[in-house]
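The values are calculated or read from the model by the stated rules, or taken from the named source; none is laboratory data. Quick caveat, the model's predicted, so the values are computed rather than measured. Positions of Cβ are backbone-derived with ideal geometry, glycine not excepted, and every protein chain shown enters the neighbour counts.
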Amino acid sequence: MDLLNTLVDKGIRRELPTRDEALAVLATSDDELLDVVAAAGRVRRQWFGRRVKLNYLVNLKSGLCPEDCSYCSQRLGSEAGILKYTWLKPDQASQAAAAGLAGGAKRVCLVASGRGPTDRDVDRVSDTIKAIKDGNEGVEVCACLGLLSDGQAERLREAGADAYNHNLNTSEATYGDITTTHTYADRVDTVRKAHAAGLSACSGLIAGMGESDEDLVDVVYALRELDPDSVPVNFLIPFEGTPLAKEWNLTPQRCLRILAMVRFVCPDAEVRIAGGREVHLRTMQPLALHLANSIFLGDYLTSEGQAGKADLDMIADAGFEVEGAGEVTLPEHRAAAHGGCHGHAETGTEAGGGSGCGGHGGGGCGPCGQGAGEAVAQEPVREASRGSEARTDLVAVRRRGAGTDLAPNA
């Protein structure tokens, strides 16, 4: 297929595909899907070998958010039955992080709901970063706290943060339909602040909110221009009690095409499969490892993920290996350009694979701090408003209890 050969060549050269080429990936047929996965897999192996980076989310503060993001269970006015609690203490967050690190995670993503941190919040998170790093040598820490004010990114960097996540989520043209309490430009500004402070920038998207193929390509091209080290791809899980509760638009095949398109457009960035993979990719998750080089281990912000052992078995059974603590996720040219925790990378090759460190959701955290990509905490939805192939009946996820007296998945 000439299109795929062209995209592989461009990916190996780090050359941007045309918009028509990116749209063509999303328009491929099911008969062509394995060819698309194989082609994007060649680009993935060129820059990241067969390694899979594991990341672990710690939800520092849950619910009670003043923003109105339509996808979010923590939004203003949400009726989703999630747990709500205020800031975890540094020792509590460090204990929570230890569970993920023991399972093989090399990055801890500290997430807090809200519009953005106050200066006191930055102090809290700085103390938490210190507690985690003091107890776990070599761990990477990514913060995801919402919109940043001037100077806050620098303070987080000085406190030891390696990365900062803030997702664009959707295209600029449709952003106002999803959120009204802040703008697309606000999000772009925060990603740029993280970059300027020397943090590894992580920014991604949420697929499945009713967007068009053109919207998906728009947001991924905007991410390419911002040049984050990590691009988390979330797949919307429609929460009962939120405005997008009936948006069941994704199938495993659609998710694979989206991941392939992201890999072709951002060939040497850490692409992370984030929230919603268990629900929408389901038994096709191993195929997605040929496209993305990073996943979250365990649970998300207010929802239960796939069991950690199942993730580790899936990685091994698919012929991949967990990226070690001593390896750097990003290829050499990117690590050298962005510094930070990427200073000793080696370029990946088709045969041997590169090393590097990743970004929030990517070198960072997939779900955004306001709850993107969380799984349903209610009874299963039985009917899809669109797309009869969507398996809404598979969603039966328990609420998390991290930071409360309840067991983690009580």
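The number of residues in the stretch 257-278 being touching an Asp or Glu at 6+ places or on another chain (Cβ under 8 Å) and at pLDDT 95 or above comes to 3. Considering only the stretch 174-232, state which residues are closer than 13 Å to V262 by Cβ and aliphatic (A, V, I, L, M). Once the filter is applied, which keeps residues that are closer than 13 Å to V262 by Cβ and aliphatic (A, V, I, L, M), the stretch 174-232 yields L205, I206, A207, L216, V217, V219, V220, A222, L223, V231. Please state which one of R50, R45 is within 22 Å of S230 (Cα to Cα), out of contact with any Ser or Thr (no Cβ under 9 Å at 6 or more places or on another chain) and not acidic (D, E). Selected residue: R50, the only one of R50, R45 that is within 22 Å of S230 (Cα to Cα), out of contact with any Ser or Thr (no Cβ under 9 Å at 6 or more places or on another chain) and not acidic (D, E). Out of everything in the stretch 292-319 that is within 20 Å of G41 (Cα to Cα) and buried (at least 24 other Cβ atoms within 10 Å of the Cβ), what residue ends up being modelled with the lowest pLDDT? Taking the candidates together, the pick is F296.
For the stretch 77-92, a residue qualifies if it is touching a residue at least 40 places away in the same chain (Cβ under 8 Å) and surrounded by 14 or more Cβ atoms within 10 Å (Cβ to Cβ), and the qualifying residues are S78, A80, G81, I82, L83, Y85, L88, P90, Q92. Residues in the stretch 258-287 that are in contact with a strand residue (DSSP E or B) (Cβ under 9 Å, 6 or more places away or on another chain), surrounded by 24 or more Cβ atoms within 10 Å (Cβ to Cβ) and not β-branched (V, I, T): L259, R263, C266, A269, E270, R272, A274, G275, G276, R277, H280.
In the stretch 59-71 there is at least one residue that is surrounded by fewer than 17 Cβ atoms within 10 Å (Cβ to Cβ) and either under 23 Å from the mean Cα position of the chain (by Cα) or farther than 30 Å from A93 by Cβ (or both).
If the condition is being closer than 12 Å to D121 by Cα and part of a loop (DSSP other than H, G, I, E, B), then the stretch 131-148 contributes L145, G146, L148.
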